[in-house]
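Throughout, read-outs are computed from the coordinates displayed, never taken from laboratory work. Just so it is clear, the structure is predicted and the values come from calculations on it, not from any experiment. Every residue, glycine among them, receives a Cβ derived from its backbone with ideal geometry; neighbour counts consider all protein chains shown.
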Amino acid sequence: MISRPPEDIRYSLVVPVFNEEAVLPLLLHRLEKVMAGLDARTEAIFVDDGSRDTSSIVLEAKAKDDPRFKYIRLSRNFGHQIAITAGMDAASGEAIVVMDADLQDPPEVVGEMIARWKEGYEIVQARRLSRDGESAFKKKTASLFERLLGKLSSIDIPRDVGDFRLIDRKVLDAFREMPERDRFVRGMFAWLGFKQCEVAFHRPARAAGETKYPFWKMVRLAVNGVVSFSDAPLKLAIWTGAAVSALAVLYGAYAILSGLFTDHVVRGWTSTVVIVSFLCGLNMLLTGMIGLYVGRIHAEVKRRPLYVVAKKIGFSAVANAETRERTRVA
Ligand code: UDP
Ligand code: MG
């Protein structure tokens, strides 16, 4: 499945947008400035992830007015990771950059990324030197999660790296061959390999509006990361199960022996309750853990498309036909 740039576009910027009306004017302004400074034709693709504010109106108008700006509206909120996937699917550049809409990923860094790409790197990650405006709690949990995932998974997922990155078209084509439903995009790029490098930047606070990643969404992303890239929990289930069974055998032997050779047997109510409840709890825990994986198998087996596009503005007929082709394959 080869995707040829239909309009001679060299760079694609992919921006997922979910209720970002507060930041859009500033974003468009900064993007236009950056795009004007780049040395080749650039498109900016906005993926409207089911926004319920005026983001859609602003972006639609922009796409109708300026052919460099393109607009995809998903039929509902599919979540950040899927939104960036949809945007990358529609990108036609030779180098593709994914960045957040809230200007926490400063568009000005793109020039530097492109310079590294020209040196021959196929994935250029942006590493955060600092993170302003994020709560100590968010930073702490993020770093804990990164450390845990690093320990559990067999591939090396870079630290302090989010979804702000440049990828070469080759990498994108490989990425599009990965049809998994529960996507942890940064892990998927780590898995892909290729020639990778990093550029460092200071991550400012969100330019306007509020975070669209409340605590429970972060937890979901973290669980996805672990379950997609590690089978350690499954193994944990096996080892805990084995250890508890061994203890139970020992305790059982002790119970039988004391039943046979002593005369203080019927007092065992407490121990019975303790054992039964402990084992029940353990059982549930382990079943739940297996359920996590079975749930994903279920999701994969359904083979639903990853997302549904409700509307597209600014794309050529060729590009549209290509996307249709891809969504059908997915
Ligand atoms: N976003 C999205 N769909 C969602 C949640 C977020 O497309 O369901 C977008 C959002 O508009 C932003 C980017 O993903 O461009 C990152 O979100 P946010 O800045 O709220 O996350 P944070 O930086 O707080 O982790
Ligand atoms: Mg943000």
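Considering only the other residues whose Cβ falls under 13 Å of the Cβ of A205, what net charge follows from Lys and Arg at +1 and Asp and Glu at -1?
0
Counting just the Cα atoms, what span does region 141-196 cover along each of its three principal axes? Round to the nearest Å and put the largest first.
Principal axes ranked by extent give 32, 22, 18 Å for the Cα atoms.
Rounded, prolate or oblate: which fits region 187-267 when a ≥ b ≥ c are the square roots of the eigenvalues of the alpha-carbon gyration tensor, with rounded for a/c under 1.5 and prolate only if a/b beats b/c?
It comes out prolate by the Cα gyration axes.
Which one of L260, I57, A237 is farthest out on the positive end of the charge dipole of the chain, using unit charges on Cβ (Lys, Arg +1; Asp, Glu -1) and the Cα centre as origin?
L260
Could you give the distance between the Cα centres of region 186-256 and region 113-148, to the whole Å?
So the two Cα centres are separated by 18 Å.
Which of rounded, prolate, oblate describes region 122-167, given a ≥ b ≥ c as roots of the alpha-carbon gyration tensor eigenvalues and a/c under 1.5 marking rounded, otherwise prolate only if a/b is larger than b/c?
oblate
How would you classify region 158-230 from its alpha-carbon gyration tensor, with a ≥ b ≥ c the square roots of the eigenvalues: rounded for a/c under 1.5, else prolate if a/b is greater than b/c, otherwise oblate?
oblate
Given charges of +1 on the Cβ of Lys and Arg and -1 on the Cβ of Asp and Glu, with all other atoms neutral, how large is the dipole of the chain about its Cα centre, in debye to the nearest 20?
540
So how far apart, in nm, are the two label points at M178 and R41 if each is 7 Å from Cα heading toward Cβ?
3.0
Could you work out which residue, out of G252, G93, G241, moves most in a Gaussian network model of the chain, that is, has the largest mean-square fluctuation with Cα springs under 10 Å?
G252
Would you mind telling me which residue in P214, P106, P25 has the biggest mean-square fluctuation in a Gaussian network model of the chain, where springs connect alpha carbons within a distance under 10 angstrom?
P214
Considering the dipole of the chain built from charges on the beta carbon (Lys and Arg +1, Asp and Glu -1) around the Cα centre, which of S75, P214, G291 is farthest to its positive end?
Farthest along the dipole direction, towards plus: G291.
Just want to confirm a number: the relative contact order over the chain, from Cα pairs under 8 angstrom separated by 6+ residues, in percent.
It rounds to 23 percent for the chain.
Given the chain, report the % of alpha carbon pairs whose separation exceeds 33 Å.
When every Cα pair of the chain is considered, 35 percent fall beyond 33 Å.
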